[in-house]
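**Q** Just dropping this structure here.
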Amino acid sequence: MGRGRRADEGGGAYRVFAVVDNEPGNIRAMAEADAAGEILFLHAGTLYESARTPTPRTVSGEAYDITALVSEREVPQHVQMVWHGVNDEWNLRQFLASRVTWGECDLRVDPVGRLVLRHDSFEDTPWRAEERLLRLPELVDAFGEHDRGLKLDLKQPDHDVLHAALELIDGRLPEDRLWFNATIESLGEPGFRELAANYPTAIRQCPIDFLAPLVFSAPGRAKELLDMLRGWGVNRFSIAWGTPHTRRLFDQLERWGHDMNIYAVPDLAAFLQAALLLPRSLTADFNFPQWHYFGRGSGEHLDHHTYRLDRPA
């Protein structure tokens with residue numbers, strides 16, 4: 001069902017302008033009730049029980065893409081949007097030209113000891129001669145100049161790397177523009193506690209997809225583990241959109257009072273579905289041509305992916 005604001009009503013009022021239904025009988029009844037003749041009816045050509053009869057203002061088809069009807073301004077304002085994979089100059093330019101406040105970068109140390117942005121480890125994906133690595137100092141300067149928030153994904157389990165990054169960031173970005181993401185293995189209790197002590201107002205996030213089975217099979221134990229992580233200083237948890245029973249898991253974690261991030265959102269349709277859950281934040285590659293965004297992801301196994309970089313005519 002589509003909705004649009006009435007021009008003659010207050011800021012919170014909406015009116016129906018489109019309806020998708022597979023039953024001709026339902027469409028006929030709604031069309032008869034639509035005295036103003038304002039609604040477009042979309043008949044989904046699937047199996048249906050009522051007789052197929054002509055109805056006014058009806059379009060038939062088997063697939064409908066309604067994402068173009070929704071702009072980024074329609075996303076609830078309290079849902080923080082995060083541009084994933086700002087690891088190269090292309091994504092950095094795309095991100096800085098967007099209205100998205102937060103950009104996520106993957107921090108590593110390159111073979112010559114520099115802090116760089118790269119998703120894959122240099123062991124798994126060796127450094128190629130033609131690969132131009134974006135260094136952390138130039139990225140932090142760009143974020144600061146454009147008043148953007150830096151979400152730093154700490155990939156390497158090395159506290160010296162964390163300390164070097166913090167030394168570089170301090171004084172260049174305000175604390176309310178800092179967000180740290182790390183697994184339990186890569187940062188551990190000492191790392192999270194250190195971040196909580198030194199950056200109390202920053203976001204400190206941990207992915208918890210591994211806890212999904214426990215949330216449903218032993219919720220008491222799962223709650224204890226989450227409370228333990230909160231005690232370390234984690235103030236936001238993250239789950240992938242493709243996690244089994246994502247909605248149930250998200251609802252349970254919210255009932256327990258946790259701020260939630262949803263990541264690995266693959267496309268605009270999924271992004272809009274995830275936004276309906278009203279998470280605290282949403283992380284995606286922002287390869288959304290409908291919004292004129294052409295993010296190409298973090299660079300993970302880049303040669304094995306096809307990214308839509310074609311601008312619509």
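The values are calculated or read from the model by the stated rules, or taken from the named source; none is laboratory data. Just so you know, these numbers come straight off a predicted model, no measurement behind them. A quick note on method: Cβ atoms are made from the backbone with ideal geometry, for glycine too, and the neighbour counts reach across all protein chains shown.
**Q** So which residues in the stretch 167-185 are surrounded by fewer than 18 Cβ atoms within 10 Å (Cβ to Cβ) and of a type in the set (Gly, Ala, Ser), if there are any at all?
**A** 171
**Q** Now, a different point. So which pairs qualify, if the first residue must be in the stretch 25-48 and surrounded by 16 or more Cβ atoms within 10 Å (Cβ to Cβ) and assigned to a strand (DSSP E or B), the second must be at pLDDT 80 or above and small (Gly, Ala, Ser), the Cβ gap must be under 9 Å, and the two must be at least 6 apart or on different chains?
**A** As it stands, the answer is 41/31, since those pairs meet every condition given.
**Q** With 139, 150 as the choices, which residue is surrounded by 20 or more Cβ atoms within 10 Å (Cβ to Cβ), assigned by TED's automatic domain parsing to the domain that holds residue 234 and either in contact with a His (Cβ under 7 Å, 6 or more places away or on another chain) or outside any helix (DSSP H, G or I) (or both)? Explain how you work it out, then say what you get.
**A** Details: 139 fails: either in contact with a His (Cβ under 7 Å, 6 or more places away or on another chain) or outside any helix (DSSP H, G or I) (or both).
After ruling out the rest, the residue left standing is 150.
**Q** Any residue in the stretch 269-289 that is farther than 20 Å from residue 76 by Cβ, over 12 Å from the mean Cα position of the chain (by Cα) and of a type in the set (S, T, N, Q)? Let's see the steps before the verdict.
**A** Residues of the stretch 269-289 farther than 20 Å from residue 76 by Cβ: 285, 287, 289.
Now narrow it down to the ones that are over 12 Å from the mean Cα position of the chain (by Cα): 289.
From what is left, the residues that are of a type in the set (S, T, N, Q) are none.
No, every residue in the stretch 269-289 fails to be farther than 20 Å from residue 76 by Cβ, over 12 Å from the mean Cα position of the chain (by Cα) and of a type in the set (S, T, N, Q).
**Q** Tell me whether the stretch 115-128 contains one or more residues that are under 24 Å from the mean Cα position of the chain (by Cα) and not in a loop (DSSP other than H, G, I, E, B).
**A** Restricting attention to the stretch 115-128, the residues satisfying the condition of being under 24 Å from the mean Cα position of the chain (by Cα) are 116-121.
Still in the running and not in a loop (DSSP other than H, G, I, E, B): 116-117.
There is at least one residue in the stretch 115-128 that is under 24 Å from the mean Cα position of the chain (by Cα) and not in a loop (DSSP other than H, G, I, E, B).
**Q** Residues in the stretch 203-242 that are under 11 Å from residue 192 (Cα atoms) and of a type in the set (Phe, Trp, Tyr): how many?
**A** 1
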